[in-house]
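Take a look at the structure set out below.
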């Protein structure tokens, strides 16, 4: 009889604590508890936003109960940006390594507008204010810059700098954000990925400086045989500066057009200066492509650094083929013109 009473007592205690809800005291990661009206009996997903990928990583998923409640969990605690999905609705959320239980309350419409009530995370509240402004398109440049400078959580500032880019204006701010990330989250993939993003921003910023009418930055690199050619030595000629690579199919398809243009106008003061984005291990392929495509002009150069090619960075090249037409005075006459546009301009420039 006592044994039965003991069992019943344990059952009652278990029922009592189940009714009060699990506390997740011993859970090692972050717990996100949601109560979303209009989401009853659907599924909830927790995705981690990956900075340099269009494919977020699914960390957890769960069924939503009949009252719209759900619990999503991570296995550890770290600064992260999440996307919470419920049906077609989604909401972005930043949590810090200090957050244990974060609660969201609202409706499906609130979830879509990042307007849910949030408790348990100062980081999420700061980030959410920024996201709401982005969604409503109420942010001006001054407010964006102020957030980038003053945000307590650099991961939020990082995200804001990516979705509100102006590399030429904000490059210094972005570098300051990265320094804060190196201090507060040095081992995070976000910190490593952001360094690469800043590299892209630098190229975009430099590309903005390459304008028609401005002097073309000089290039002085070696040919496959080791002879150095400087772009500046070609002043007095009209030059098509061509960034390409042996492995680039669009470049190879375009080469016959460039060859035809060169053969037609070379006697009138036109030439081509080709910069290859091949790597050291691809030098043979580079030489073979020059021969196979009958690229007969002498100005073939490369530092064999691939996408780390210094002149490519200087000219803001982020994809190839990329061309620049340079006039007799060494000034940019056109940026990435098609072959017909080049021929049309040659008639005026030569």
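In the stretch 306-350, which residues are surrounded by fewer than 20 Cβ atoms within 10 Å (Cβ to Cβ), over 25 Å from residue 269 (Cα atoms) and at pLDDT 90 or above?
Answer for the stretch 306-350, where residues must be surrounded by fewer than 20 Cβ atoms within 10 Å (Cβ to Cβ), over 25 Å from residue 269 (Cα atoms) and at pLDDT 90 or above: 306, 310.
Are there any pairs, at least 6 apart or on different chains, whose C-beta atoms fall under 9 Å, with the first in the stretch 330-344 and assigned by TED's automatic domain parsing to the domain that holds residue 265 and the second surrounded by 15 or more Cβ atoms within 10 Å (Cβ to Cβ) and modelled with pLDDT under 85, and if so, which?
Listed by first residue and then by second, the contacts come to 332/210; 333/349; 335/207; 335/210.
Can you name the strands (runs of 3 or more DSSP E) wholly within the stretch 24-143 that have at least 3 residues being more than 30 Å from residue 197 (Cβ to Cβ)? Spell out the reasoning first.
On the way: elements: 31-37, 43-48, 57-63, 69-73, 80-86, 89-95, 101-107, 117-119.
Because the criterion is at least 3 residues that are more than 30 Å from residue 197 (Cβ to Cβ), the strands (runs of 3 or more DSSP E) in the stretch 24-143 that meet it are 31-37, 69-73, 101-107.
Residue check: is residue 183 out of contact with any helix residue (DSSP H, G or I) (no Cβ under 9 Å at 6 or more places or on another chain), outside the structural domain of residue 286 (by TED's automatic domain parsing) and either under 30 Å from residue 96 (Cβ atoms) or in a helix (DSSP H, G or I) (or both)?
Values: out of contact with any helix residue (DSSP H, G or I) (no Cβ under 9 Å at 6 or more places or on another chain): no; outside the structural domain of residue 286 (by TED's automatic domain parsing): yes; either under 30 Å from residue 96 (Cβ atoms) or in a helix (DSSP H, G or I) (or both): yes.
So residue 183 does not fit the description; no.
Filtering the stretch 148-175 down to residues that are farther than 21 Å from residue 95 by Cα and free of Cβ contacts under 8 Å to residues at least 40 places away in the same chain, which residue is surrounded by the fewest Cβ atoms within 10 Å (Cβ to Cβ)?
At the first step, the residues of the stretch 148-175 found to be farther than 21 Å from residue 95 by Cα are 165-173, 175.
Filter once more, keeping what is free of Cβ contacts under 8 Å to residues at least 40 places away in the same chain: 165-166, 169-173, 175.
Working: 165: 15, 166: 17, 169: 13, 170: 21, 171: 17, 172: 8, 173: 18, 175: 14.
This residue is 172.
Filter the stretch 196-230 down to the residues that are surrounded by 13 or more Cβ atoms within 10 Å (Cβ to Cβ), free of Cβ contacts under 8 Å to residues at least 40 places away in the same chain and over 24 Å from residue 332 (Cβ atoms) and list them by number.
198, the sole residue that qualifies.
Just one of the numbered conditions (1) in contact with a helix residue (DSSP H, G or I) (Cβ under 8 Å, 6 or more places away or on another chain); (2) modelled with pLDDT of 95 or more; (3) surrounded by fewer than 19 Cβ atoms within 10 Å (Cβ to Cβ) is not true of residue 95; which one?
Looking at each condition in turn, residue 95 falls short on (3).
Given the conditions (1) within 30 Å of residue 276 (Cβ to Cβ); (2) touching a helix residue (DSSP H, G or I) at 6+ places or on another chain (Cβ under 8 Å); (3) at pLDDT 95 or above, report the number of the one that residue 233 does not fulfil.
It fails just one condition, (2).
The values are calculated or read from the model by the stated rules, or taken from the named source; none is laboratory data. In this text the structure is predicted, and so the values were computed from the model without any measurement. Cβ coordinates were reconstructed from backbone atoms using ideal geometry, including for glycine residues, and neighbour counts include every protein chain displayed.
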